1. Taking a probe of 1.4 angstrom, what is the accessible area of residue 213 in Å², to the nearest 10?
2. Suppose the chain between residue 27 and residue 51 were pulled fully straight at 0.36 nm per residue; how much longer would it get relative to their current alpha carbon spacing?
3. Expected output is a single nm value to one decimal: the length gained when fully extending between residue 212 and residue 189, i.e. 0.36 nm times separation in residues minus the C-alpha distance. What is it?
4. Could you order the peptides 189-195, 149-155 from most to least packed, using the average number of other C-beta atoms within 10 Å per residue?
5. Quick check on my link table: of 118/152; 67/118; 58/143, which ones sit more than 30 Å apart, alpha carbon to alpha carbon?
6. Rounded to the nearest 0.05, what FRET efficiency do residue 133 and residue 60 give with R0 = 22 Å and r taken as the Cβ-Cβ distance? Could you check?
7. Report for the stretch 98-192 the percent antiparallel among DSSP-assigned beta bridges with both residues inside it, nearest 5.
8. Taking the Cα centre of the stretch 131-225 as origin and charging only Cβ (+1 Lys, Arg; -1 Asp, Glu), how large is the dipole, in debye to the nearest 20?
Amino acid sequence: ITLFVLELNNYLSTNVSTEIVIDDFEDSFLKINFDITMERLACPFVSIDTENVLGTHKLNLTRNIRKWKVKTKGTVQRRITETRPDIDRLNVQVRAKPVPDHIEPDTLTPTNFEEYVKNHDVVMVEFFAPWCVWSQRFAPVWKQTAHELRKKYKGRVGIAQCDCTAQDQTRLCHMNHVDRFPTIISYKNGNTHTHEVFHGDRTVESFSEHVDLQLRTLERAPVSEGEREVLEVEEADYLDGDGEHLPAFEGCHVSGNVLVQKVPGSLIVSAVSSKHSFDTTRVNMTHRVHHLTFGQKFEDEELTLLPD
């Protein structure tokens, strides 16, 4: 009986052992293959970085990496095949025309938000933080935008702003899931539940073109083929398979491989933008790892040839 108990105890015990296996490949580099979905981080802000103990840091790698836009439930929407040129928006802002001091965008709070949106055909809102340098540099452009678009559209368009640090306005930023500054969001047809995050150039002309296109769709006016494709993508972002509206979350499916040195190091997925300041308490880095391997990546047909 004693022998049986000792054998049973030994059988049920867990032993941890470490074994070092020397790689017999002479190549000094290793390929890391990955397939990851960032549930709440948009593709323009997803950066793939690597670092190692030798002090080598590589930031925002793009070679052999592909990105797809995804909607709330992680369904792949479309491949990102085109990236806007990284223009110096600071120069654009400096060239903004002077605007009289009394011209200001409207201020929104959770109390007046819904009524304000319902009283305009199209509304564009800047969510900002006074401490953010990009918000400070963008302020004269947004002020000029409010002045010119109000005059052009005669009350049909609302241009507003929300200070995400003000006590009476913070909740509105949270309701719209704002995690970077400045963020420009547009609403149309009085609908506060469906909106579009504006990713275009931060110029008065670009905002005017965006508003004009939104108004033409409400009026069922003819649009060009290129404009139709843009609108179809925007609409698809917020509809599920049954045509039901979804919360306006935008994520990113990122897949590819990077070549790294065979030394201890890290593969990092981070939120980066040269034109925004991130609120680290609000950035949602929720993700799913579908695939992560090292070395040569085998195709499904090749895997079937491997021994069990």
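1. Accessible surface of residue 213 is approximately 20 Å².
2. 6.8 nm
3. 6.9 nm
4. Order by mean packing, descending: 189-195, 149-155.
5. Pairs exceeding the cut-off: 67/118; 58/143.
6. So, using R0 = 22 Å, E works out to roughly 0.65.
7. Restricted to the stretch 98-192, the bridges split so that about 40 percent are antiparallel.
8. Approximately 320 debye in magnitude.
The values are calculated or read from the model by the stated rules, or taken from the named source; none is laboratory data. The structure displayed is predicted, hence computed values, not measured ones. So basically every Cβ, Gly included, is an ideal-geometry build from the backbone, and we count neighbours across all protein chains shown. All accessible areas refer to the heavy atoms of the entire protein, side chains included, with ligands and DNA or RNA removed. Shrake-Rupley method; radii C 1.70, N 1.55, O 1.52, S 1.80 Å.
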